[in-house]
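Everything below concerns the one structure shown next.
Just so it is clear, none of the values below were taken in a lab; they were calculated from the coordinates. Quantities reported herein were computed from a predicted structural model and do not represent experimental measurements. Using ideal geometry, Cβ is built from the backbone for each residue, glycine included, and neighbour counts are taken over all protein chains shown.
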Amino acid sequence: MNISIVGASGYSGLELIRILHNHPYVTIASIHNYSNVGMKINQLFPHLTDIYEATLEEVIPEQIMAQSDCVFFATPSGVSSLAAIPFIKAGFPVIDLSGDFRLDAESYSKWYSKTPADAVYLEKMEYGLAEFRQNVEAKWIANPGCYATSVLLPLLPIVSEQLASDTFIIDAKSGVSGAGKVPNSANHL
């Protein structure tokens, strides 16, 4: 399968490159960014030299769809809710790693303080914890966040097999990588 990554120079994008570059059934057809277009990814991140050295390309949906079977969005919140629309309209598979399609509009506005994705597109996205997905044919997937994944992966098997009570206490901690690479007052210690 040929895939493209939009938002390749962020934490999630780099991790996606690392995982998919070595995947036996995946070829990274192209990597895209809204900044540093034309630069090789290893110029920005020297640790990728001799591992992965593709050039960051402009985000042009028609070109991405022509060379890929699926596009991943590893963009900051508020980007994919608009940038994914041409792909969804074209029926092209999308996997969104941002929070843009994870929550209903009201919850998204509350937690992200941004305008939510249009309801038409929110309804099309499938919440996609891969290990427990109900619809394996889904074309548009909203990937769960780090907290949800860390809670759901261990608890879903326990709950589905009724091996424990229905009350759980979750005490989760996180670094700042999920908040993005740019320091701000919320994550600058």
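Between segment 60-79 and segment 27-43, how far is it from one alpha carbon centroid to the other, in angstrom? Segment 60-79 and segment 27-43 have Cα centres separated by 12 Å. DSSP assigns beta bridges within the chain; of those with both partners inside it, close to 5 percent run antiparallel. Of S80, S150, S160, the residue with the greatest mean-square motion in the GNM of the chain, using alpha carbon springs below 10 Å, is S160. Along segment 116-129 the Karplus relation, 6.51 cos²θ - 1.76 cosθ + 1.60 evaluated at θ = phi - 60°, assigns HN-Hα couplings of x, 5, 4, 4, 4, 7, 4, 5, 7, 6, 9, 5, x, 6 Hz to successive residues, with x for each Gly and Pro. Which of the three applies to segment 120-178, rounded, prolate or oblate, going by the alpha-carbon gyration tensor with a ≥ b ≥ c and a/c under 1.5 meaning rounded? Oblate, since a/c reaches 1.5 and b/c is not below a/b. The charge dipole of the chain, taken about the Cα centre with unit charges on the Cβ atoms of Lys, Arg (+1) and Asp, Glu (-1), comes to about 340 debye, rounded to the nearest 20. Relative to the dominant Cα principal axis of the chain, helix 11-21 is inclined by about 70°. Pairs exceeding 29 Å between alpha-carbon atoms, taken from K40/K110; K110/K139; K110/K173: K40/K110. Of all the options E131, E161, E106, the one that moves most in a Gaussian network model of the chain with Cα springs shorter than 10 angstrom is E161.
Each stretch of four or more DSSP H residues adds -39500 (n - 2.57); spread over every residue of the chain, this sum gives -8000 deg cm²/dmol at 222 nm.
For K124, the aspartates and glutamates whose Cα falls under 13 Å of its own Cα, not counting residues fewer than eight places away in the same chain, are D96, D100, D104, E137. Computed from Cα positions, the angle between helix 146-160 and the longest principal axis of the chain comes to roughly 40 degrees.
Remark: segment 96-113, residue by residue, has Karplus-estimated 3J(HN,Hα) of 9, 8, 7, x, 4, 10, 7, 10, 5, 4, 5, 5, 4, 4, 5, 7, 9, 6 Hz, where x stands for each Gly or Pro and the curve is 6.51 cos²θ - 1.76 cosθ + 1.60 at θ = phi - 60°. Of P24, P93, P61, the residue with the greatest mean-square motion in the GNM of the chain, using alpha carbon springs below 10 Å, is P24. Phi-derived couplings, Karplus 6.51 cos²θ - 1.76 cosθ + 1.60 at θ = phi - 60°, listed residue by residue for segment 67-75: 10, 10, 9, 7, 10, 9, 9, 10, 9 Hz, with x used for Gly and Pro.
Here's how it looks for W140: its modeled amide H is under 5 Å from those of V94, E126, which are all 5 or more places away or on a different chain.
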